[in-house]
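In what follows, a single structure is set out as structure tokens and then discussed.
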Amino acid sequence: NETKNYSPQVQPPGTNRRIPQSIIIGVRKGGTRALLEMLDIHPEIVVATTEVHFFDWDENYAKGLEWYKNLMPFSYENQITVEKTPGYFTSSLSPERIHEMNSSIKLLLILRDPTERVISDYTQVYYNRLENQKPVQVIEEIVIRNGALNTKYKAIQRSLYDVHMENWLKYFSLDQIHIVDGDTLIRDPLPELQKVEKFLNLRPRIMSSNFYFNQTKGFYCIRSEGRERCLHESKGRPHPMVNSTVLEQLQAYFKDHNQNFYRMVNRSFDWH
Ligand code: A3P
């Protein structure tokens with residue numbers, strides 16, 4: 001596909017920067033980068049490679065829609081521009097702001113088992129702190145405070161999918177929000193991507209030959225335009241072993257929230 005082989009700084013004739021017609025709104029650690037990179041295989045999709053944080057960060061939102069548009073890649077008229085900022089899903093102002101920009105936008109939300117997501121979130125922060133030579137704690141010390149689950153812990157809050165979804169459903173109908181099963185995307189990416197192609201009304205162009213399993217990484221990697229690449233090493237890091245009582249406490253805490261979420265979206269997932 002030649003249409004994508006250009007430097008994003010140079011404007012190819014016939015292209016423009018466009019406001020996204022679809023946004024990956026989250027969830028943080030759900031597999032948002034994998035989803036974006038895998039969708040980028042499609043010739044009719046162009047993606048903003050960096051997280052924009054337009055709708056969730058007031059200082060960026062204040063810069064206005066032109067600023068936002070200027071961060072988007074060049075695209076042809078038949079292409080769909082996609083940006084991903086995982087922080088949107090849990091930000092209370094994002095739904096209204098996105099709705100105001102484009103009330104018929106198509107939203108993509110990738111979710112995974114909420115307990116798994118907490119551990120993944122903890123792992124990311126753990127490595128960030130190590131890199132910045134800040135003290136680290138084992139996960140049990142953060143998740144449990146005074147013998148009880150520390151429900152104020154941000155990573156736990158972010159996994160309350162029903163709480164956040166409620167904000168989105170005030171502005172968008174269910175058929176505008178496509179949920180990608182992040183646990184499935186890890187194990188078998190193609191079927192999840194084919195559902196997204198349908199949702200975006202795109203021709204099926206992503207194929208099984210676009211993926212190969214990399215034993216060393218332990219994840220699927222991408223083969224596209226004659227190139228093979230895996231996601232950055234920060235994606236798919238081993239998780240710590242978590243004390244089974246703590247795991248059970250997390251799972252018990254999420255149980256009702258999960259059930260509530262399934263009702264909200266008329267769909268269930270095999271989360272613990
Ligand atoms: P872990 O690093 O905890 O395993 P995000 O991009 O939203 O931060 O999500 C990161 C998660 O994407 C990773 O969490 C990993 O499990 C998941 N993922 C899904 N498909 C992947 C792939 N092909 N390669 C690497 N990570 C993938």
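Sorting the segments 16-27, 131-142 by their residues' average number of neighbouring beta-carbon atoms within 10 angstrom, most packed first, yields 16-27, 131-142. If you bin every alpha carbon distance in segment 63-110 into 10 Å steps from zero, what whole percent lands in each bin? Taking all Cα pairs of segment 63-110, the binned fractions are 19, 58, 22, 1 percent. Once backbone amide H atoms are built at 1.01 Å from N, Val52 has Lys84 as its partners under 5 Å, excluding neighbours fewer than 5 places away on the same chain. Ellipsoid fit via the Cα gyration tensor, segment 75-205: semi-axes of 32, 18, 15 Å, each the root of five times an eigenvalue, largest first.
Our summary gives the chain a relative contact order of 22 percent, counting only alpha carbon pairs under 8 angstrom and 6 or more residues apart.
Please work out how much length the chain gains when fully extended from Arg223 to Glu166, using 0.36 nm per residue of separation minus the C-alpha to C-alpha distance, in nm with one decimal. Show your work: numbers first, answer last.
Working: separation 57, 0.36 × 57 = 20.52 nm, distance 3.74 nm.
Here the answer is 16.8 nm.
When the listed pairs Lys152/Lys255; Lys198/Lys255; Lys69/Lys170 are checked against a 21 Å cut-off, the alpha-carbon distance exceeds it for Lys198/Lys255; Lys69/Lys170. Calculated mean residue ellipticity, 222 nm, the chain: -10500 deg cm²/dmol, from DSSP H runs (n ≥ 4) at -39500 (n - 2.57) each, averaged per residue and rounded to 500. Residues Met207, Met38 ordered from highest to lowest accessible area at a 1.4 Å probe: Met207, Met38. Building the convex hull from the alpha-carbon atoms of segment 206-272 and averaging its projection over directions returns 7.2 nm². Across the protein chains, with a 1.4 Å probe defining accessible surface, the residues Tyr153, Tyr88 rank Tyr153, Tyr88 from largest area downward.
By the Kirkwood approach, averaging reciprocal distances over each pair of separate Cα atoms, the chain gets a hydrodynamic radius of 19.8 Å.
Binning the alpha carbon pair distances of segment 7-57 at 10 angstrom intervals from zero yields the distribution 17, 53, 26, 3, expressed in whole percent. Rolling a 1.4 Å probe over the protein chains gives Asp188 an accessible area of about 80 Å². Of the cross-linked pairs Lys84/Lys106; Lys134/Lys235; Lys195/Lys217, those separated by over 24 Å at the C-alpha level are Lys195/Lys217.
Can you tell me what share of the DSSP beta bridges in the chain is antiparallel? A percent to the nearest 5 is fine. Around 40 percent antiparallel, to the nearest 5. Taking 0.890 mPa s as the viscosity and 25 °C as the temperature, the Stokes-Einstein diffusion coefficient of segment 1-158 based on its alpha-carbon Kirkwood radius rounds to 140 µm²/s.
Taking the convex hull of the Cα atoms, report for segment 183-243 its projected area averaged over all directions, in nm².
Working: hull surface 22.4 nm².
Averaging across all directions leaves 5.6 nm² for the Cα convex hull.
Mean projection of the Cα convex hull over all viewing directions, computed for segment 134-272: 11.6 nm². Here segment 1-147 carries DSSP beta bridges of which approximately 15% are antiparallel, counting only pairs with both residues inside.
Taking the mean number of other Cβ atoms within 10 Å as a proxy for protection, how do you rank 66-78, 250-262 from highest to lowest?
Values: 66-78: 15.1, 250-262: 17.2.
Taking the mean over residues of other Cβ atoms within 10 Å, the ranking is 250-262, 66-78.
A full extension of the chain between Tyr262 and Glu141 corresponds to an added length of 40.5 nm, given 0.36 nm per residue minus the alpha carbon distance. Per atom type, segment 1-127 shows carbon and sulfur on 49% of its accessible surface, probed at 1.4 Å.
The listed residues Phe219, Phe54, Phe199 rank as Phe219, Phe199, Phe54 when sorted by accessible area, largest first, using a 1.4 Å probe.
Volume per residue, Å³, of the convex hull around the alpha-carbon atoms of segment 1-86?
Details: hull volume 7.7 nm³, N = 86.
Each residue corresponds to 89 Å³ of Cα convex hull volume.
A Cα-only calculation for segment 137-215 places Rg and Dmax at 18.3, 54 Å.
The values are calculated or read from the model by the stated rules, or taken from the named source; none is laboratory data. A quick note: this is a predicted structure, and the numbers were derived from the prediction, not measured. Virtual Cβ from ideal backbone geometry, glycine too; neighbours counted across all protein chains shown. Accessible surface is based on the protein model in full, side chains and every heavy atom, while ligands, DNA and RNA are left aside. Shrake-Rupley method; radii C 1.70, N 1.55, O 1.52, S 1.80 Å.
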